[in-house]
Amino acid sequence: MNSASNLILVGPMGAGKTSIGRRLAEQLQLAFVDADRDIELRTGAAVGTIFECEGEAGFRARERAALAELFAGDGQVIATGGGAVLDPANRERMRQRGFVVHLDVGVDAQLQRLARDRTRPLLQRDDHEQVLRGLSAARASLYADVADLHFDTDGLTAADAACALLGMLEGRWRRGGVAA
C-alpha cells in the first residue's frame, strides 16, 4: 500500500479532474484544490488572460510555483492542469508528495465534454480534434510515467467515476504525512 500526503489527479482536459476530484475529496474528507483556480486566485486573472498576456511559458512558470506550494501541503485532493506534467520538477514533486492518479479520457469523449467550453486557451482554435489528438500524443507518456494508478473516465458520470475510483484506491493508497 502506498502512503502519501496528497491525492494528485493528472490527465487531459475534460477527463474530469475537477468534478471527480471534488467528489473524492468530499468522500475522503480531504481539502480539494483545483490548481488552475488556485493560480487564478493568486494572480487575479483568468488562465486564458495569463496565456494571452504572458504566453504559455509565463503560465507554466506560475503553475510550477503554485504547484510547489500546493504539493508541500498535506491532506488534499489536487486537480492539476492538463499540462502540469510537462515540467520535470512538477513530476518529481508529484511523485514525492502524492499518490498520482491518471484520469484518462478518449478524444471523442473530450470533444463531447468540451463542446461548449470557451475558456480553455489551447482550444481557442477551430480544429479541436486535431489539438486534442496532438496534446494526447505529446503528454500520454508523461501521464503514464508519473501515475501510480490509471483510471479511464470514458462513458462515466463524475459521480460514477468517483465511486469506482474510491474502490480502486482502497488497498492501494493510504493518506500519509499527517494523522488521518
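Would you be able to say whether some residue in the stretch 142-153 is of a type in the set (Phe, Trp, Tyr) and within 23 Å of GLU26 (Cβ to Cβ)? Show your work before the answer.
At the first step, the residues of the stretch 142-153 found to be of a type in the set (Phe, Trp, Tyr) are 143, 151.
If we keep only those that are within 23 Å of GLU26 (Cβ to Cβ) too, we end up with 151.
Yes, some residue in the stretch 142-153 is of a type in the set (Phe, Trp, Tyr) and within 23 Å of GLU26 (Cβ to Cβ).
Of (1) within 17 Å of the chain's Cα centre (by Cα); (2) among the small types (Gly, Ala, Ser); (3) surrounded by fewer than 20 Cβ atoms within 10 Å (Cβ to Cβ); (4) on the phi > 0 side of the Ramachandran plot, GLY44 satisfies all except one. Which?
(1) is the only condition that GLY44 fails.
Inside the stretch 41-99, can you point out the residues that are of a type in the set (A, V, I, L, M, F, W, C), within 22 Å of TYR143 (Cα to Cα) and in contact with a Pro (Cβ under 9 Å, 6 or more places away or on another chain)? Don't jump to the end; show me each part of the working.
Just the residues of the stretch 41-99 that are of a type in the set (A, V, I, L, M, F, W, C), to begin with: 41, 45-47, 50-51, 53, 57, 59, 61, 65-68, 70-72, 77-79, 84-86, 89, 94, 99.
So of that shortlist, the ones also within 22 Å of TYR143 (Cα to Cα) come out as 47, 57, 59, 61, 65-68, 70-72, 77-79, 84-86, 89, 94, 99.
Listed by number, the residues that qualify are VAL47, PHE59.
Out of curiosity, is VAL47 among the β-branched types (Val, Ile, Thr), under 29 Å from GLY167 (Cα atoms) and in contact with a helix residue (DSSP H, G or I) (Cβ under 9 Å, 6 or more places away or on another chain)?
On the way: among the β-branched types (Val, Ile, Thr): yes; under 29 Å from GLY167 (Cα atoms): no; in contact with a helix residue (DSSP H, G or I) (Cβ under 9 Å, 6 or more places away or on another chain): yes.
So VAL47 does not fit the description; no.
Values quoted throughout were computed directly from the atomic coordinates according to the rules given, and no laboratory measurement underlies them. On a predicted model such as this, the values are computed, not experimentally measured, just so you know. Cβ sites come from the backbone with ideal geometry, for glycine too, and all protein chains shown count toward neighbours.
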